[in-house]
Amino acid sequence: MEYVAGVGASLFSTIFIIFTVGALGHLVGGISVKGISLGSAGVLLIALAYGILLSYVPSFSLGGREIVLYSAVQKTQFSLVSNIGTALFVTAVGLIAGPKFFRTLNRKSLAYIVIAIVVIGSGVLSIIVMSLVDKDLSPELLAGLLTGALTSTPGLSAAKEVAASQESVIAGYGIAYLFGVLGVVLFVQIVPKLLKVDIAKEREHFVAANAIAVPEPKGKLIKLDQFGFFPFFLAISLGCIIGAIEIPGINFSLGTSGGTLVAGLIIGHFGHIGPLDCRIDKANVKCFRELGLILFLIGAGVPGGMEFVHNVRVSYFIFGAIITLVPMIIGFLVAKYVFKLSIFNNLGAITGGMTSTPALGALINTAGTDDVASAYAATYPVALVAVVLATKLFILFV
């Protein structure tokens, strides 16, 4: 096989970067200050820092071999890493929540739908106010700030489809993305401390309230592998098909993230396909989930760091932070005082409404239970649809 100059070096660099960023990120994420830590989001911080570094040090030599730190080829590779990570993480969330999700649908489901709409609606209201305050802000830039503040890649894609200037959309996304991720991660950790929540006691009540008898599949089932690769890969495969289905007229699809979540919930709910056992040991699913989260953070963080450097303006960064904070605060207050949700269901719904993958990971660590994923799973699809529609409509009519 002929060696293509640059491609091999690029691939080596990408592998080197992924695992180096992952190691350093966990080192930073493990640092705790007064009980608050970045956790897995530490990986994102290092990935963003690396992306910023690329603007100044594009390559270096090691043992006579050039190490290309970033290139057009690597940008595609990081996009692939991010998409694979998203598929792994969201599928795992669906599989974990699936056995209880459909069996516990009740009036809370309406609460989650409303919270998703409130969160996205508050974000849209924020950028409408900003457009009135600063006439120089284009609809495309504001839509980009909204999708970045909500860390919504599907929203970004939808905005680009109708934007007169895709560059403005991408710039806004890159500026707001940094605080969009870290803001939600810190929010789900800080709020319980500000409210002086007894985490252990709340966890006990929460787990008891979510306890449900999941029926065992009838008959003898065939387990194809001990680690659960078959059902996991099958869920991702089906999820990609579901995510690719477009709703006519509005050109909307759930995408990989939404599709794999739905597929994971369905397979997790039934636990088998005919005689084939689709149940996976929870420890194995958690491993898939964490690996997916790390790959997503690295794949999204490195390009995000570069976009941030190239496009950042202090005023725009502040606007992005406001768009992140306002929906979270309003959504939290509605969930707490209108729907009387417990703190864990409340914050789980906020992570879903903000479409924040890393924040769910942080909340699971804070709460000490995977059951918080059910609130995320109930809110996320509605928020996903809402942000895609909102960004398109905002650009078209504002």
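The values are calculated or read from the model by the stated rules, or taken from the named source; none is laboratory data. For clarity, every value in this text was computed on a predicted model and none was experimentally measured. Here Cβ is always computed from backbone atoms with ideal geometry, including for glycine, and neighbour counts include all displayed protein chains. SASA here: full protein model, heavy atoms, side chains in, ligands and nucleic acids out. Shrake-Rupley method; radii C 1.70, N 1.55, O 1.52, S 1.80 Å.
Take the residues of the range 17-31 that are open to solvent by 70 Å² or more (accessible area, probe 1.4 Å) and out of contact with any helix residue (DSSP H, G or I) (no Cβ under 7 Å at 6 or more places or on another chain): which is modelled with the lowest pLDDT?
Going through the qualifying residues, I end up with Ile31.
Looking at the range 383-392, can you tell me whether even one residue there is of a type in the set (Val, Ile, Thr), within 29 Å of Leu80 (Cβ to Cβ), part of a helix (DSSP H, G or I) and in contact with a strand residue (DSSP E or B) (Cβ under 9 Å, 6 or more places away or on another chain)?
Yes; the residues of the range 383-392 include at least one that is of a type in the set (Val, Ile, Thr), within 29 Å of Leu80 (Cβ to Cβ), part of a helix (DSSP H, G or I) and in contact with a strand residue (DSSP E or B) (Cβ under 9 Å, 6 or more places away or on another chain).
From the list Ile330, Ile364, Ile395, pick out the single residue that is modelled with pLDDT of 85 or more and over 17 Å from the mean Cα position of the chain (by Cα).
Ile330
Quick grid of which residues meet (1) at pLDDT 80 or above; (2) of a type outside the set (Phe, Trp, Tyr); (3) open to solvent by 10 Å² or more (accessible area, probe 1.4 Å):
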| residue | (1), (2), (3) |
| --- | --- |
| Met1 | no, yes, yes |
| Ile15 | yes, yes, yes |
| Gly35 | no, yes, yes |
| Ala41 | no, yes, no |
| Ala49 | yes, yes, yes |
| Leu53 | yes, yes, yes |
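Given the criteria open to solvent by less than 30 Å² (accessible area, probe 1.4 Å) and either of a type outside the set (Lys, Arg) or without any contact (Cβ under 8 Å) to a residue 40 or more places away in the chain (or both), does Ile175 qualify?
Yes.
Across the range 186-219, what is the total count of residues that are at pLDDT 85 or above, more than 24 Å from the chain's Cα centre (by Cα) and open to solvent by 80 Å² or more (accessible area, probe 1.4 Å)?
7
Regarding Ile294, is this residue within 26 Å of Ala386 (Cβ to Cβ), open to solvent by 10 Å² or more (accessible area, probe 1.4 Å), at pLDDT 80 or above and under 22 Å from the mean Cα position of the chain (by Cα)?
no
Assuming Val129 fulfils every condition listed in (1) surrounded by fewer than 23 Cβ atoms within 10 Å (Cβ to Cβ); (2) at pLDDT below 80 apart from one, which condition is it?
The failed condition is (2).
Report every pair of residues separated by at least 6 positions or lying on different chains whose Cβ atoms are under 8 Å apart, first residue within the range 14-29 and within 16 Å of Leu53 (Cβ to Cβ), second not in a helix (DSSP H, G or I).
Note: pairs meeting the criteria are Phe16/Ile67; Ile17/Leu69; Gly25/Ser40; Val28/Leu38.
Ile267: part of a loop (DSSP other than H, G, I, E, B), modelled with pLDDT of 85 or more and surrounded by 14 or more Cβ atoms within 10 Å (Cβ to Cβ), yes or no?
Judged against the criteria, Ile267 is not a match.
Are any of the residues in the range 90-98 assigned to a helix (DSSP H, G or I), farther than 30 Å from Val285 by Cβ and in contact (Cβ under 8 Å) with a residue 24 or more places away in the chain?
no
Tell me which of these Pro215 doesn't satisfy, since it passes every other one: (1) of a type outside the set (Asp, Glu); (2) closer than 19 Å to Cys278 by Cβ; (3) not in a loop (DSSP other than H, G, I, E, B).
(3)
Residues checked against (1) closer than 30 Å to Gly228 by Cβ; (2) open to solvent by less than 20 Å² (accessible area, probe 1.4 Å); (3) modelled with pLDDT of 80 or more:
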residue: Phe60; (1), (2), (3): no, no, no
residue: Tyr70; (1), (2), (3): no, no, no
residue: Val73; (1), (2), (3): no, no, no
residue: Ala87; (1), (2), (3): yes, yes, yes
residue: Val93; (1), (2), (3): yes, yes, yes
residue: Phe101; (1), (2), (3): yes, no, no
residue: Arg107; (1), (2), (3): no, no, no
residue: Ala111; (1), (2), (3): no, yes, yes
residue: Val114; (1), (2), (3): no, no, yes
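Taking only the range 275-296 into account, find how many residues are touching a strand residue (DSSP E or B) at 6+ places or on another chain (Cβ under 9 Å) and assigned to a loop (DSSP other than H, G, I, E, B).
Qualifying residue count, the range 275-296: 3.
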